[in-house]
Structure formats: C-alpha cells, structure tokens
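A.B. asks: One structure follows; several queries about it will come next.
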Amino acid sequence: MANENENAQETARKKIILSGIQPTGTFTLGNYLGAVRNWRQIQNEYQCYYFIADLHSMTIHIDPAKRRQQTREAFALLLACGIDTEKSLVFVQSHVHAHAEMGWIMDCCSQFGELSRMTQFKDKSAKHPDNINAGLFTYPSLMAGDILLYQADYVPVGADQTQHLEFTRDIATRFNHTYGETFRLPEGYFPKAGARVMSLQDPTSKMSKSDTNPKATIYILDDEETILRKFKSAVTDSEAEVVYREGKDGVNNLMTIYSAITGESLDDIARDFAGKGYGDFKEAVGHAVADELQPIRDHYAELMNDRQYLEAQMRDGAERASRIANKTLNKAKKKVGLLLPQ
Ligand code: TYM
C-alpha cells in the first residue's frame, strides 16, 4: 500500500528541471536558442530552477567589479527573456552556500582520470595555457553538485554540455551505490531546434561569448542593424543554394537558426528560398532574429533601471533555493559521515 501511494505521488509530482548559465557577458544567440528560450517554454509544465553560474565563471579571471555587473546583467537578462519568477525559481549560484559545499563532496567522489578526459577542460586549457586552474579541472564536479542538490529530473542544456551531464550521472550512481540511495539520476533535455548554434565566421565551431572575432557571434542585446550586418557577412559557400546538406556548414547553421525561430522545417525553407541567392536568405534570417530579440532588449532596459526590484528578486530566489538545496546537502553530509551540528 505504501508503495502504491509512493508511486501515485511520484506520478503526480511535477518533474524538476534545473539549468544554469554563466554570467560572462551578454548571452549569445546560441545560449538563447540552445537553452534560455527553451527554459521559458517549459515553465508551466515543470518545476523549474534556473541560476546564474557565477562560481563557474571564476575559472576565468575577470575584473571583480565587472563580474558583479555581469552577474546583475545576466540575472536581468534571464527575466527579460521571459523567465518568470512567479513560476520558476531564479537565483545566483553563490548566494546559495550549499553549491560550494556540495561541490567539495563531489570533488571527493571524482577521479582525476575522468576529469582529465573532459573535452571542455582540454579545449579551455589549450586556449588559455596561462591559467589552467584547479577550478577549471573540477568544474564538472561543481556542476554535478548544482544538479544533484535539487534532485533534478531533467537538465536542459545545449549539446556542448552533454559530457558534463553524463559525468553527473556517473557520480550520482557511484555515490548512491557507495552510501545508499541519495540522488535522483538526471536526464538531459535537449531542444530539437538550436541545440548547437555555430559561429557565423567559422561554422565548424560553436557560437561562443569568448570569440575574439566580433562578427562571429550574435549577442541577444545587439540592435537590428548590427544583427543584419553580422548575418550579411556570415561565411557560406560558393554554391548559392539554400539547402541543408553535409559540407555546407555555414548554410546549415543559418538554416538551423531560421528554422529554430520561425518553426519552419528545413525542407520548407529550402523550397521557399529555391532560386534565390544567399543575400536574400541572410537578410531573412537577420530580420527573423532581430524581430525575436527586440522585445527582450526592451524588457531588459526596463529591468536594469529598477535595481531594487532586481535585488529583491535575487534575495527571494536565494532564500527559496537555499531551503531546497540544504535538505539534499544535509542528507549527503549524513551519508558520508559528516557530523551535523545538533
Ligand atoms: P554556458 O554559460 O556556457 O551556456 C549556457 C547554456 O547555453 C548553451 N549554449 C549553446 N547552445 C547551443 N549553441 C551554442 N552555440 C551554445 N553555447 C552555449 C549551453 O549548452 C548551456 O546550456 N556549465 C554550464 C553552466 C552550468 C550548468 C550547471 C548548466 C553550471 N552548472 C548545471 C546546467 C546545470 C555552462 O557553462 O553554460
């Protein structure tokens, strides 16, 4: 009987979604299409927790005043993108102490070998050989802690984070096996459209905030003129045929973006633009993106003018998140034999 009740409760329970984004600059179109837009769309269906991963951003050296400002901006951007604090729990990672503590517990469950194999660690240490800090190495353990603290069912991320999610499942499985059932195993939740938006200048690498070529990345606060200009100079090929095909990385990327925004299938797009040149297509993509982002820019400007409101939202998010996270943290601490203060 108890089991039946538990099963019924489990079925009725709203599934938990958790995800984070680093405050290292204005979100890119990749962040938006690969993650944040999707976060907005699932708010009614799931119990959603979204946070600004400021602890993760510390693997890169940023001027402290700039980091503070970027954290505020990122928080405002989430709300501007339509994340609703009445529906979802939105908070700044470092405001919830449990993340750092759980990160340490996860560190002690992570093996040197598996962390060494992480693609992101290898990429980032190759790009920044002057600052291969321990945080960069144990980044996936902190991320595992973020996810497990909230007993998340699903983690919506772009394709670039798949490996970290697998790692989280590995650690959770190992911990549960060693200490007894503690963490729920999270699954990835990948939006079909926009899971991987590529650079406009090198469509074989992902669109990234840290790209040094300003034409490579669309930022969600770019104005219409800038967006049109960047799409106009996007790298394509010499075929002048709008069709999704292997080897046409630039065009494939533009079609993916256009499809993610308009909802049109790749076949329909190819049909609509048959016989037209890349110029027309790039302009259409530029307009579609600019129209999608315009309301976000407007809302963002309003929010940044109301610092008190933003701070109140951050405080409220931190309190609510701490209550949830502390429960799991205490459970994990007991399991590993840390003495809780009485
Ligand atoms: P971050 O800040 O690099 O990126 C935030 C989200 O945007 C997605 N993304 C993309 N999607 C498609 N195309 C792209 N070009 C693109 N670039 C970025 C990312 O996949 C991500 O979903 N480690 C995370 C932050 C984090 C986190 C977590 C996420 C920390 N703890 C716990 C989920 C759960 C990161 O650096 O995301």
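A.B. asks: Of the numbered conditions (1) in a helix (DSSP H, G or I); (2) farther than 17 Å from Ile296 by Cα; (3) modelled with pLDDT under 95, Lys66 fails exactly one; give the number of that condition.
C.D. replies: (3)
A.B. asks: Something else now. With respect to the numbered conditions (1) surrounded by fewer than 19 Cβ atoms within 10 Å (Cβ to Cβ); (2) assigned to a loop (DSSP other than H, G, I, E, B); (3) charged (D, E, K, R), which one is the sole condition not fulfilled by Asp54?
C.D. replies: All conditions pass for Asp54, except number (1).
A.B. asks: Moving to a separate point now. Applying the selection to the stretch 1-59, what residues are aromatic (Phe, Trp, Tyr) and farther than 30 Å from Trp104 by Cα?
C.D. replies: Hit for the stretch 1-59 is Tyr32, nothing else.
A.B. asks: Open to solvent by 30 Å² or more (accessible area, probe 1.4 Å), assigned to a loop (DSSP other than H, G, I, E, B), outside the structural domain of Leu266 (by TED's automatic domain parsing) and of a type in the set (Ser, Thr, Tyr): is that true of Thr182 in this structure?
C.D. replies: Here the answer is no, as Thr182 does not meet what is asked.
A.B. asks: Filter the stretch 137-152 for residues that are of a type in the set (A, V, I, L, M, F, W, C) and touching a residue at least 40 places away in the same chain (Cβ under 8 Å) and give the result.
C.D. replies: Leu142, Met143, Ile147, Leu148, Leu149, Ala152 - these are the residues of the stretch 137-152 that are of a type in the set (A, V, I, L, M, F, W, C) and touching a residue at least 40 places away in the same chain (Cβ under 8 Å).
A.B. asks: Just the residues that are within 12 Å of the ligand (Cβ to nearest atom) and open to solvent by 60 Å² or more (accessible area, probe 1.4 Å), please, taken from the stretch 124-144.
C.D. replies: Listed by number, the list holds a single entry, Lys124.
A.B. asks: Let me ask something else about it. Name the one entry in Thr236, Thr204 that is in contact with a Gly (Cβ under 6 Å, 6 or more places away or on another chain) and farther than 14 Å from Thr28 by Cβ.
C.D. replies: It is Thr236.
A.B. asks: Inspect all residues belonging to the stretch 165-174 and state whether any of them is near the ligand (Cβ under 10 Å from one of its atoms) and touching a Lys or Arg at 6+ places or on another chain (Cβ under 8 Å).
C.D. replies: No: the stretch 165-174 contains no residue that is near the ligand (Cβ under 10 Å from one of its atoms) and touching a Lys or Arg at 6+ places or on another chain (Cβ under 8 Å).
A.B. asks: For residues in the stretch 12-32 being open to solvent by less than 30 Å² (accessible area, probe 1.4 Å), assigned to a helix (DSSP H, G or I) and more than 6 Å from the ligand (Cβ to nearest atom), which is farthest from Ile257 (Cα to Cα)?
C.D. replies: So the residue we want is Tyr32.
A.B. asks: Please go through the stretch 109-121 and pick out each residue that is in contact (Cβ under 8 Å) with a residue 40 or more places away in the chain and open to solvent by 50 Å² or more (accessible area, probe 1.4 Å).
C.D. replies: Thr119
A.B. asks: Check off (1) touching a helix residue (DSSP H, G or I) at 6+ places or on another chain (Cβ under 9 Å); (2) modelled with pLDDT of 95 or more for Tyr46 and give me the number that stays unchecked.
C.D. replies: (1)
A.B. asks: Mind checking which residues of the stretch 199-224 are open to solvent by 30 Å² or more (accessible area, probe 1.4 Å) and not acidic (Asp, Glu)?
C.D. replies: Answer for the stretch 199-224, where residues must be open to solvent by 30 Å² or more (accessible area, probe 1.4 Å) and not acidic (Asp, Glu): Gln201, Thr204, Ser205, Lys206, Lys209, Ser210, Thr212, Asn213, Pro214, Lys215, Tyr219, Leu221.
A.B. asks: Could you please tell me which pairs satisfy a Cβ distance under 9 Å, a separation of 6+ or placement on different chains, a first residue in the stretch 157-183 that is under 18 Å from Ile17 (Cα atoms), and a second residue that is among the acidic types (Asp, Glu) and not in a helix (DSSP H, G or I)?
C.D. replies: Leu165/Glu187; Arg169/Glu187
A.B. asks: For the stretch 33-55, how many residues are farther than 17 Å from Phe190 by Cα, within 7 Å of the ligand (Cβ to nearest atom) and out of contact with any strand residue (DSSP E or B) (no Cβ under 7 Å at 6 or more places or on another chain)?
C.D. replies: Selection size over the stretch 33-55: 0.
A.B. asks: Provide a single number: the residues in the stretch 310-342 that are under 24 Å from the mean Cα position of the chain (by Cα) and surrounded by 14 or more Cβ atoms within 10 Å (Cβ to Cβ).
C.D. replies: Count: 14.
The values are calculated or read from the model by the stated rules, or taken from the named source; none is laboratory data. Note that the structure is predicted; figures quoted are calculated from it, not measured. Neighbour counts are summed over all protein chains in view; Cβ atoms, including those assigned to glycine, are modelled from backbone coordinates with ideal geometry. Surface areas here come from the heavy atoms of the whole protein model, side chains and all, with no ligands, DNA or RNA. Shrake-Rupley method; radii C 1.70, N 1.55, O 1.52, S 1.80 Å.
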